[in-house]
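Asks: My questions will all concern the structure given below.
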Amino acid sequence: MLRLVAGLSRSLPLLVALVVLALAIYAFVSWRRTPTRAKEVLLKVFFVLCSAISVLFALATIYAVLDDNTPVLELAASCMVVGVLGLAVTLVCRHVFRKHHPHYAYEPTEKARPVTNKPDTLDALTRILNYINDHRRR
């Protein structure tokens, strides 16, 4: 148990960097938009970031096992645990956020485009070429 805590203390700089990043993102987006939007952005960023950290350190752990390098294995495994725990916390927070904010429960669909009566450039070019083709000399 003590060895696990010692291994996790090696990944403390990664944990501190994630906390500082979260505070910076939340403060900036809250200042520019709203706190609800800041939470949404934070959840999306941390989902991607923690997934990438988990995959990267999982690959490093596999490489350390194959290379039989124990110190690198302990460091990579402890960082992978931080990534997996961060991903689990992010998913729980996302579930709670969507439960309390049901209008954020679904991803937005494709945005509607305004319908105009102006002909499309390709459509106009096609009409011109068809007109030339129909009225050329034979």
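Asks: Over the range 18-108, what percent of the accessible surface lies on carbon and sulfur atoms, probe 1.4 Å? Kindly include the intermediate steps, with their values, before the conclusion.
Replies: On the way: 4510 of 6170 Å².
Of the solvent-accessible surface of the range 18-108, carbon and sulfur hold 73 percent.
Asks: If you roll a 1.4 Å probe over the heavy atoms of the protein chains, what accessible area per residue do you get for the range 6-57, in Å²?
Replies: Per-residue value: 64 Å².
Asks: Which sequence of K44, K99 reflects their accessible areas, 1.4 Å probe, from the largest down?
Replies: From most exposed to least exposed: K99, K44.
Asks: Report the local net charge at M80: Lys and Arg +1, Asp and Glu -1, summed over other residues whose C-beta lies under 15 Å from its C-beta. Intermediate results must be reported in sequence, preceding the final value.
Replies: Numbers: positive: R10; negative: E74.
Value of the local net charge: 0.
Asks: Net charge within 13 Å of T61 by Cβ-Cβ distance, Lys/Arg positive one each and Asp/Glu negative one each, not counting T61 itself?
Replies: Counting the neighbours of T61, the net charge comes to -3.
Asks: A further question follows. Using a 1.4 angstrom probe, figure out how much accessible area the range 61-101 has per residue, in square angstrom, rounded to the nearest whole.
Replies: I get 65 Å² per residue for the range 61-101.
The values are calculated or read from the model by the stated rules, or taken from the named source; none is laboratory data. Predicted model, so just to flag it, every value in this text is computed and none were measured. A quick note on method: Cβ atoms are made from the backbone with ideal geometry, for glycine too, and the neighbour counts reach across all protein chains shown. Areas reflect the complete protein model, heavy atoms only, side chains present, ligands, DNA and RNA absent. Shrake-Rupley method; radii C 1.70, N 1.55, O 1.52, S 1.80 Å.
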